[in-house]
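I have placed the structure first, in the form of structure tokens, so that the comments after it can refer back to it.
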Amino acid sequence: MSGLRIGLFGRGRLGSAILAEAGGGLTWVVDQGETPSAAVDVAIDASVAGAVASHLDWALETGTDLVIGATGWSIPDLEARVAGRIGLLTATNFSLTVALMARLATVMGRFAALDPSRDPYLVEHHHRLKADAPSGTAKTLAAAVMAGCPRKTEWTLDTPEPHQLSVGVVRAGAEFGTHSVGLDAPAEVLELTHTARSRAPFAQGALAAAQWLHGRKGLFTMDDVAADLLDPLFDNLNAGRPPARGARSTSPLVLPHAASGQNPEVASPGGKP
């Protein structure tokens, strides 16, 4: 844990995975109604929506950086309340692989934008007890696709209009989480799928986010963490290749904030699988 003192709110699915991944390296773990026992550098909130506001109050009072991975919370005046006093990071999904998928989803959206016959779509499957539908991750990926494909301006779970991105949701069994972004064209289909085999990637990402956040002030998302590690992967993709005849210069892949995870001022679907 590199000497960083980390506390954890919540012993649910994500909280238990974080506790297991930390291997006893957390300063404290508290559940609803319990009080943190010591000062920490960063706290991770993997609790429930109704507890997030009080945990934010505690973080602001104690000057503790906070990573929020709870589901379904909403604090409209979040930016004004934080106002650079602490570091606050929110996430729809803590997996760095999913962050990479969001970048690739934007590229797929751009490819779809070149030809109206290429119809993008998204399908996600989670365990039957997951409350939100579509998942926060699905919303993030949908935003990434739409960032690349301007003719798609919103997503829908119903039969889509031409301007709508079709999103399919399955709630069955014990699935940790599978998300697929696809392009359906008349003669071919391209599909990119991420399947979580356990909650370990989410726990690892949450702990990495806590390490990254400490010492920074203001509002961040998991995409800010991922940018340090993932964006260089898209540099110099054509290095060593002769330029195509008549090729235009290309600009780096830049995701708008909404495609990176969420606007911290709106309801957060959370990072909980």
Item to complete: Name the residues whose placed amide hydrogens come within less than 5 Å of the amide hydrogen of Thr71, ignoring near sequence neighbours (fewer than 5 apart) on the same chain.
Response: Ala49
Worksheet entry | the chain - percent of accessible surface contributed by carbon and sulfur, probe 1.4 Å | 53
Practice prompt. Would you pull out the residues with amide H under 5 Å of Asp119's amide H, same chain only if 5 or more places away, H placed 1.01 Å from N?
Written response: Asp184, Ala185
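Could you sort Phe202, Phe176 by their accessible area in this structure, using a 1.4 Å probe and putting the largest first?
From most accessible down to least: Phe176, Phe202.
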Worksheet entry | Accessible surface, per residue, of the chain when the full set of protein chains is kept, probe 1.4 Å, Å² | 47
Worksheet item: Using DSSP loop states and a limit of at most 10 other Cβ atoms within 10 Å to flag trypsin sites (Lys or Arg not before Pro), what is the longest stretch of the chain containing no flagged site?
Response: 1-127
Worksheet item: Taking the Cα atoms only, what angle lies between the long axis of helix 96-113 and the longest principal axis of the chain, rounded to 10 degrees?
Response: 30
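The values are calculated or read from the model by the stated rules, or taken from the named source; none is laboratory data. In this text the structure is predicted, and so the values were computed from the model without any measurement. Every residue, glycine as well, gets a Cβ built from its backbone with ideal geometry; the counts of neighbours run over all protein chains shown. All accessible areas refer to the heavy atoms of the entire protein, side chains included, with ligands and DNA or RNA removed. Shrake-Rupley method; radii C 1.70, N 1.55, O 1.52, S 1.80 Å.
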